[in-house]
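To start, the structure itself, in structure tokens.
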Amino acid sequence: MLTNCAWYIGTPFIPLYLVSHGASVGTVGLVAGLSGIAPLAVALHVGGLVDERGPTVVFVGSVVLFGLGGAMLTVFQGIPEVTTGYTLLAVANIGLAVASQAVVAGASTDGTRIRNYGYYAVSYSAGAVFGPVIGGFLAGRFGYAAAFLAMTLLMAPSLAIALMLRVTPISGHQRVALSAVHTLVAAIVRAHGVGAILFVSGIMMCAQALQSTFYPLYLSKVGWSATLIGLAIAAISVASIAVRMLLASAVAWLGQTGALIGAMVLSAVAFAMTPFVRQFWPLVGVSALMGASLGFTQPLSMSLLAESVAQQFWGAAFGIRQSVQRAVGVLSPFAFGVASAARGVESAFYLGALVLFGAAGIMIRVSRGLGRRPDAGAVEGQD
């Protein structure tokens, strides 16, 4: 909760910070894309490090790296320095995500996994509720550097908690050496249902990239202050928390695949509506639709991936998931930036809606039997 609160205190305002220093919308998209290259390169090996050394080491290192990135944003103003600071934050976020998801997987049984990932996602989203409100207030009252400083200072209690983390090994099987983790990729991806899960994770990262980079720019364009932008972003997380109370019912009614497809359609509808809405309450409603979509897809995709892969490879599997998300996180801001530069920021949302509707159609045709654990031997043979 603390680290995600810190993330949302600062990162939603990086696009606005860049624009305030004369950057174009296309440049903002370029910065967002470039900052995702290093996370893409390290995501798989971060997962391997979790498998080999355990999540505590990764937690501590990620918190320290996050603090360095926040400090760079606080002190420096140039586009190269902001890109570097943003990159450090994104790499740290990879470690925090993979380590925490592996902890939840290890603490769960088949019967409690979806519930526990729901709890995890609620705490994650709670940070995303408070973060943008705090960041918006600080940026509006004291400037963007104040928001970046607050983000950095939150790493002190985060580090204290990370140092106290003690985790029982998640598997009695021999763990894979970090240097050999790349040899597992093909076997993990071929496991039943994993390809579909990774596809959903990538598409929803596309939605998150549009939401995190270009939604604040759109809100600024229609005249919203930094404080109101923070409230709109917080509304996304409030809705994400609220719908998780309905997660079990949605899965019982639609099945896990149906719930994922419905969430993708919901996100597409939200993006299609955005360019037509300018008033406060209607835009808060659009934010709520965005949040409701994430509220279903995040815990479901994590739970399904843990079900589909043998225990000793959970870190690697979550690292692969992060790699897919980072790859999309690199490419999609470029695409949305080009669309925005050519036709205005509204066109990025039309493109996003088209991608989400198309992806939902693909999932309807290709997804079958998600959530049924495959024979682990296919992957365990890589020991």
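Descriptive notes on the structure:
- The residues listed here are Leu294, Leu300, Leu289; of these, the one that is under 17 Å from the mean Cα position of the chain (by Cα) and free of Cβ contacts under 8 Å to residues at least 60 places away in the same chain is Leu289.
- Which listed residue is among the charged types (D, E, K, R) and touching a Leu at 6+ places or on another chain (Cβ under 9 Å), from Arg365, Arg343, Arg321: Arg321
- Cβ separations smaller than 6 Å between residues 6+ apart or across chains give no pair from region 33-51 residues that are among the basic types (Lys, Arg) and at pLDDT below 85 to residues that are part of a loop (DSSP other than H, G, I, E, B) and buried (at least 24 other Cβ atoms within 10 Å of the Cβ).
- When Gly285, Gly315, Gly319, Gly295 are checked against the criterion of being part of a helix (DSSP H, G or I), farther than 17 Å from Val194 by Cα, touching a helix residue (DSSP H, G or I) at 6+ places or on another chain (Cβ under 6 Å) and not aliphatic (A, V, I, L, M), Gly295 stands alone in meeting it.
- Residues of region 333-353 that turn out to be of a type in the set (Val, Ile, Thr) and either surrounded by fewer than 19 Cβ atoms within 10 Å (Cβ to Cβ) or in a helix (DSSP H, G or I) (or both), as a count: 1
- Any chance Leu217 is part of a helix (DSSP H, G or I) and out of contact with any Pro (no Cβ under 6 Å at 6 or more places or on another chain): no
- Any hit, region 103-116, residues being assigned to a helix (DSSP H, G or I) and within 21 Å of Ile14 (Cα to Cα): no
- For first residues located in region 89-108 and farther than 13 Å from Trp7 by Cα, partners that are among the hydrophobic types (A, V, I, L, M, F, W, C) and modelled with pLDDT of 90 or more and lie 6+ apart or on another chain with Cβ distances below 7 Å form the pairs Gly95/Val58; Val98/Val58; Ala99/Val58; Ala99/Phe59.
- Within region 1-100, helices (runs of 4 or more DSSP H) holding 1 or more residues that are within 26 Å of Met302 (Cβ to Cβ) and aromatic (Phe, Trp, Tyr): 2-10, 55-75
- In this structure, Ser249 does not satisfy being in contact with a helix residue (DSSP H, G or I) (Cβ under 9 Å, 6 or more places away or on another chain), part of a helix (DSSP H, G or I) and among the hydroxyl-bearing types (Ser, Thr, Tyr).
The values are calculated or read from the model by the stated rules, or taken from the named source; none is laboratory data. This structure is a prediction, so every number in the text was calculated from the model and none was measured. Neighbour counts are summed over all protein chains in view; Cβ atoms, including those assigned to glycine, are modelled from backbone coordinates with ideal geometry.
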